[in-house]
Amino acid sequence: MSKSRGKPSNPREQVAVGHLLSAVPHRNQAVTVEPTEAGLLLSIPTRRPRWLVPPLSWVLPFSGQRRVELDAPGRAVLELCDGRRSVEEVIEVFALEHKLSFREGQLAVSQFIKALLQRGIIALVGMPESVATEGSA
Amino acid sequence: MMAKADALRPGFTQTCWRGLAIAHPAEWEAARLSDQGQPNQLSLVDRRYQRLEAHWQVLKRPPNLDAMYERLGKSLREHPHKQLLGQPEWRGLVQDGPVGQVVHAGRFFPAQSMLVELVLIWPQGRDQQIETAILRSVAPTIDRPVLTWRALGLHVELEREFDLTEASSHVGRVCWTFERAKPALWLTIERLAMGKFWLKNDLPSWLAKERPEKFRPINLTTSSGSQSAVDAGHQIVRLDSQWGGRVARLFRRAQRQVDFGWLCSEQERVYRLVARWPAHRPAFWPESLLVSCCRSVRIKV
């Protein structure tokens, strides 16, 4: 409780389960994808921070992209995020493929989707605006 | 116990936790289960909503259920509610909410001196057939010699002397630890999903890796039937190990550990059972121990 005192809490944490389930994940088209042995290597373009100007930029290197490696289950979930299936459908397919109960699949997939959202790999359409825009910022 | 589970209404499953058995729609899954030392509690959720909350406790004398629910009715003054009807053994209220209805129901089981209180949430309105099936299925089991523990896909039967001291549930990994004080025996039972991703080597190597380092291996056997284990068709790996040198043995601190592991190909789950006991005496193995995967697996040392 003390953590959130005086501050609005993270809108992502307030997302109702129903909102998340009915939202549709879309992949960020600017992300480049390389298959690896077990999963995928994603390169996400990043914006140069405003404060990164000379002379700071002479010292601090800026790569212009962030790399994220996904394992095989992560790859399976990302491939299910095709812009047509809702999160609920992604969970259903994932749970069926891996013989999980819906709740087990829900816990695994929703955590993973939130992580993809934070890293700008996907955007969720059909979420409350505050949440959806923050993920792609 | 199995007969009771088999006689469930179609589409229903049973959850058994800390001396209470309750049948409910299979799509309602456990979201909260009480730990040791906490008041007994069970919460079930469907995809979007919490659907059932159960609290139960053993009382010294029967409670006045009418007075209990009258008090609850007074506290719900602002919300329209009516008495629960059609369930002669239960007392309670039906509360109309902004979305759906909430049923508060309580029953005292005199044979076990147990008070069970349920809250059923019906977001799309009450389904009285399901409600009746749930209420009728509620059964205290604390007075049985063998208790059933069934939740989160794991199903264990074990003598009442064993207490569940630890229960954890992470994504695809459910783990329960039972303990019997005298004669001391610790049992840890795990059920793990998605083995094809994390089980890189074979099952014996994984079992050996999971064993605490201080335990020295004594023996590794694999059986698919009659030997040390089992009346199921699964191939069961057994790993015997021991901890403690001469000094530990002298002070009776040495411990024996046996790890059993098997892969249930039908469920695609890996099961692991770890038993630990003082090395200076036999295990006093619980005869009733049964772990169910796609079939009932009876483990024996």
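No lab work stands behind these numbers, since they all come straight from the coordinates. Bear in mind the structure is a predicted one, so any value in this text is a computation, not a measurement. Cβ placement follows ideal geometry from the backbone for every residue including glycine, while neighbour counts extend to all protein chains displayed.
Here's how it looks for residue A:28: its modeled amide H is under 5 Å from those of A:122, A:123, which are all 5 or more places away or on a different chain. Legend: translational diffusion of segment B:2-140 by Stokes-Einstein, Rh = Kirkwood radius over C-alpha pairs, 10 °C, 1.306 mPa s; D = 102 µm²/s.
Cα convex hull, segment A:14-136: 117 Å³ per residue, rounded to a whole number. Compute the long axis of helix B:65-75 from its Cα atoms, compare it with the longest principal axis of the Cα atoms of chain B, and write down the angle in degrees, 0 to 90, nearest 10. For helix B:65-75, the angle is close to 70 degrees. At the listed q of 0.13, 0.18, 0.20 Å⁻¹, the Debye profile of segment B:146-298, built from one uniform point per Cα, gives log10 I(q)/I(0) equal to -0.59, -1.17, -1.43. For a paramagnetic label modelled on residue A:33 (point 7 Å from Cα along Cα→Cβ), amide N atoms under 15 Å away belong, within segment A:64-89, to A:68-85. Across chain B, the relative contact order, built from alpha-carbon pairs under 8 Å that are at least six residues apart, equals 13 percent. When chain B is treated as a GNM with alpha-carbon contacts under 10 Å, the residue of B:96, B:35, B:202 showing the greatest mean-square fluctuation is B:202. When peptides B:101-113, A:31-43 are sorted by average Cβ neighbour count within 10 Å, with the highest value leading, the order is B:101-113, A:31-43. Among the lysines of the protein assembly as shown, pairs that are 8 or more positions apart or on different chains and have alpha carbons within less than 29 Å of each other number 25. Would you be so kind as to identify which of B:283, B:203, B:80 lies farthest towards the positive end of the dipole of chain B, taking Lys and Arg as +1 and Asp and Glu as -1 on Cβ and the Cα centre as origin? Result: B:283, furthest along the dipole toward the positive end. Between 0 and 90 degrees, the angle of helix B:128-137 with respect to the longest Cα principal axis of chain B falls at about 50 degrees. Normalised by the number of residues in segment B:146-298, the mean separation of alpha-carbon contacts (under 8 Å, six or more apart) gives a relative contact order of 24 percent. Under 5 Å from the amide H of residue B:21 lie the amide H atoms of B:139, B:141, each residue being 5 or more positions distant or on a separate chain, with H modelled from the backbone and absent for Pro and chain starts.
Mind putting a number on the dipole of chain B about its Cα centre? Charges go on the C-beta only, +1 for Lys and Arg and -1 for Asp and Glu, and I need it in Debye to the nearest 20. Before the final figure, lay out the partial values.
Working: 43 positive and 31 negative charges, 214 e Å.
Value, rounded to 20: 1020 debye.
Which of B:296, B:264, B:274 sits farthest toward the positive end of the charge dipole of segment B:247-301, with +1 on the Cβ of Lys and Arg and -1 on the Cβ of Asp and Glu? Ranked along the dipole, the leading option is B:274.
Only helices enter this figure: runs of n ≥ 4 DSSP H residues, each worth -39500 (n - 2.57), summed and divided by the residues of chain B, yield -3500 deg cm²/dmol at 222 nm to the nearest 500.
The GluC sites (Glu not before Pro) of segment B:1-102 meeting both criteria, a DSSP state outside H, G, I, E and B (loop) and at most 14 other C-beta atoms within 10 angstrom of the site's C-beta, are B:78, B:89. Using only side-chain charges placed at the Cβ, +1 for Lys and Arg and -1 for Asp and Glu, the dipole size of the protein assembly as shown relative to its Cα centre rounds to 1420 debye. Size of the protein assembly as shown from its Cα atoms: along the principal axes, largest to smallest, the extents are 77, 69, 42 Å.
I'd like the mean, over residues of A:103-116, of how many other protein chain beta carbons sit within 10 Å of each residue's own Cβ.
Counting Cβ atoms of other protein chains within 10 Å of each residue's Cβ and averaging gives 3.
Projecting the Cα atoms of B:121, B:140, B:64 onto the dipole axis of chain B, where Lys and Arg carry +1 and Asp and Glu carry -1 at the beta carbon, places B:140 farthest toward the positive end. Restricting the GluC sites (Glu not before Pro) of segment B:151-201 to loop positions (DSSP other than H, G, I, E, B) with no more than 11 neighbouring Cβ atoms within 10 Å leaves nothing.
For chymotrypsin sites (Phe, Trp or Tyr not before Pro), the sites in segment B:233-280 that DSSP calls loop and that have at most 11 other Cβ atoms within 10 Å are B:251.
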